[in-house]
Amino acid sequence: MLKRHFIYSRVLVLLLVVLAAAFAAEPRQITVYAPQVNYQVDVVVLGNADYVGLTDLLEPLGRLESRVKGERLKLLFNGMELEFQDGKREVHVGPSSKFDLSGDFLLLNGRGYVPLLSAAQLLPRVAGQPAEFHAAARRLFVGSSEIRYSAELHHAPARLVLNFTAPVKPSVQLEKGRVHLLFRREPIVGSGSGTVVYNDAFVQSTSFSEQPGGVEFIANVQQPSTVTVAPDGRSVTIAAVTPLAAPAPPAAPAQPAAPAPAAAPAAQPATPGAQPAAPAPAPVTPKRPFVILDASHGGSESGAVLSSTLLEKSVTLALARRLQKELDARGIPTVLTRVADNDLTWDQRAVSANTSRAMLYVALHASTSGHGVRFYTAMLPAAQPGQGRRSFLLWELAQSPYLTQSNTAAAALAAQCAAGGLPVRSLIAPVRPLGSMTEAAIAVEVAPLGSSPDELAAAAYQQKIASALAAGIAGLRGKWEAAP
């Protein structure tokens, strides 16, 4: 009787511990990587130790049957028989083999629990595959599931190439001086030191660290960078941004040739059937772009979620392409900073625009807030008297000498949109990267006319906005290029 009372009391205490842990802290998990499946297992605290459920741990790896008899739990896993006893460390495998867990096995309400640290000890014996547990990151590797990588630094052009043994799909975060690659699902492991110092003009150093449920790779870079994932997912390239090349100045007009002497040489007889040689084509000098169109967001940075099927990055790129066609039809040279679904930082956008020597930068945004079109200029103090465009300016204040031109551009484009029947608002705001631009710079944010966000993707609505903006830009070009 006393023994039964002791058992009931012990079970009650353990249940209270489980409930207390569940309410006191967020659920914790380990991530299990196996050759055929990746999954997560909840971790519970029992008797001040971390435990995992046997069923949760083994069921994704094969066929599992269990049977409870008194204080014993018998499992049949892929044809192998195992027996556990509540409160004991010893585990019987098959008819004659046995081994000890790192802590007591616990049986609660018909469910078996083993110490977390014993998971890597148990799996090789029952699954027939090696297992390795990374405790700090709570990652358990079963069999040959690890993905390894190597890094190669190249020059001309500057780039760091990461090669992986299996396809990967990282999340990318770009900030000034750093490139973050986050791998949440892939079983990537490092090799050698977690930090590598290059002291290169492009890459200063890199670091690799495991975190609960994933890993993070950081490249400390000294130039604005882009990240490209190969189509097969087996390589990731971090490359320095190549500024848009400034076109060569037009050649000086040729001087008239001296008069030819009176006596011309006799013409050579033509070869029968030969065609006269065609004159060599004149070299084509690329035109200096007048406007830079910047489709905001892109890649892993999707921008606003406009609807369940529509992202801001898709709307801005479609509108930029449509506007480029309208400007091309008017003979206005145009460059897109983003031509695909790729990541660009604010600094990269500013560098691309500033080095292009364009006269106007237009950033495109989309929102479900409000109606029609909003125009933004930078919220910056105006340039001080005597402070010209050649004066030293902080990167964040480079736009100050150009605010008058930016306001003129915003007013001209807003007037064209209003004339086309679009609701218009003009505002000043700290919209990045307007403050770092060294040319007239505005941001244009489009919103639907009605209540449906899907209107932002409608071809007719985008075309109406693009036509109005193109007309306004054409008017600006005529005035600015005619100015002395």
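The values are calculated or read from the model by the stated rules, or taken from the named source; none is laboratory data. In this text the structure is predicted, and so the values were computed from the model without any measurement. Virtual Cβ from ideal backbone geometry, glycine too; neighbours counted across all protein chains shown. Calculation scope for accessible area: heavy atoms of the full protein, side chains included, ligands and nucleic acids excluded. Shrake-Rupley method; radii C 1.70, N 1.55, O 1.52, S 1.80 Å.
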Considering only the stretch 95-130, how many residues are farther than 16 Å from GLY47 by Cβ and acidic (Asp, Glu)? 1
Close pairs from the stretch 335-359: first closer than 21 Å to SER302 by Cβ, partner β-branched (Val, Ile, Thr) and outside any loop (DSSP other than H, G, I, E, B), Cβ under 7 Å, at least 6 apart: THR337/ILE292; ASN342/THR226; ASP343/VAL172; ASP343/THR226; ASP343/VAL227; LEU344/THR226; GLN348/THR226
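Each row is one residue, and each column tells you yes or no for (1) surrounded by fewer than 20 Cβ atoms within 10 Å (Cβ to Cβ); (2) of a type outside the set (Asp, Glu); (3) modelled with pLDDT under 90; (4) touching a His at 6+ places or on another chain (Cβ under 9 Å).
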site: ALA353; (1), (2), (3), (4): no, yes, yes, no
site: LEU364; (1), (2), (3), (4): no, yes, no, no
site: ARG374; (1), (2), (3), (4): no, yes, no, yes
site: GLN384; (1), (2), (3), (4): yes, yes, yes, no
site: ARG389; (1), (2), (3), (4): yes, yes, yes, no
site: ALA415; (1), (2), (3), (4): yes, yes, no, no
Unique match (being within 22 Å of TRP346 (Cβ to Cβ) and in contact with a Ser or Thr (Cβ under 9 Å, 6 or more places away or on another chain)) among PRO212, PRO187, PRO170: PRO170
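Matching residues to (1) open to solvent by 60 Å² or more (accessible area, probe 1.4 Å); (2) closer than 22 Å to PRO130 by Cβ:
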site	(1), (2)
LYS69	yes, no
LYS74	yes, no
PHE77	no, yes
LYS88	yes, no
VAL93	no, yes
GLY112	no, no
Can you tell me which residue is farthest from ARG28 (Cα to Cα) among those in the stretch 193-215 that are assigned to a strand (DSSP E or B) and open to solvent by less than 30 Å² (accessible area, probe 1.4 Å)? VAL203
Would you be able to tell me the number of residues in the stretch 49-70 that are more than 15 Å from LEU122 (Cβ to Cβ) and touching a strand residue (DSSP E or B) at 6+ places or on another chain (Cβ under 8 Å)? 5
Mind telling me which of the residues VAL227, VAL215 ends up being of a type in the set (A, V, I, L, M) and within 21 Å of HIS297 (Cα to Cα)? VAL227
Reported set for the stretch 457-474 where residues are among the aliphatic types (A, V, I, L, M), in contact with a helix residue (DSSP H, G or I) (Cβ under 9 Å, 6 or more places away or on another chain) and open to solvent by 40 Å² or more (accessible area, probe 1.4 Å) is ALA457, ALA459
Using the structure shown, decide if PRO157 is of a type outside the set (S, T, N, Q), under 30 Å from ALA131 (Cα atoms) and touching a residue at least 24 places away in the same chain (Cβ under 8 Å). no
Please find, within the stretch 322-351, the residue that is most open to solvent (accessible area, probe 1.4 Å) out of those that are part of a helix (DSSP H, G or I) and in contact with a helix residue (DSSP H, G or I) (Cβ under 6 Å, 6 or more places away or on another chain). ARG322
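Every residue, every condition in (1) assigned to a loop (DSSP other than H, G, I, E, B); (2) crowded, with 16+ Cβ neighbours inside 10 Å, yes or no:
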{"site": "LEU403", "(1), (2)": "no, yes"}
{"site": "ALA418", "(1), (2)": "no, no"}
{"site": "GLY421", "(1), (2)": "yes, no"}
{"site": "ARG425", "(1), (2)": "no, no"}
{"site": "GLY435", "(1), (2)": "no, yes"}
{"site": "ILE442", "(1), (2)": "no, yes"}
{"site": "GLU455", "(1), (2)": "no, yes"}
{"site": "LEU476", "(1), (2)": "no, yes"}
{"site": "TRP480", "(1), (2)": "no, no"}
Only residues that are open to solvent by less than 70 Å² (accessible area, probe 1.4 Å) and either part of a loop (DSSP other than H, G, I, E, B) or not hydrophobic (A, V, I, L, M, F, W, C) (or both): list them for the stretch 141-158, please. GLY143, SER145, GLU146, TYR149, SER150, HIS154, ALA158
Would it be correct to say that VAL189 is farther than 25 Å from ALA131 by Cα and either at pLDDT below 90 or surrounded by 15 or more Cβ atoms within 10 Å (Cβ to Cβ) (or both)? no
Looking at (1) free of Cβ contacts under 8 Å to residues at least 40 places away in the same chain; (2) under 20 Å from THR377 (Cβ atoms), which one does ALA482 not meet, given that it meets all the others? (2)
Taking interchain pairs and intrachain pairs at least six residues apart, which have beta carbon atoms under 8 angstrom, with the first residue in the stretch 123-138 and touching a residue at least 40 places away in the same chain (Cβ under 8 Å) and at positive phi and the second open to solvent by less than 40 Å² (accessible area, probe 1.4 Å) and polar (S, T, N, Q)? ARG138/THR31
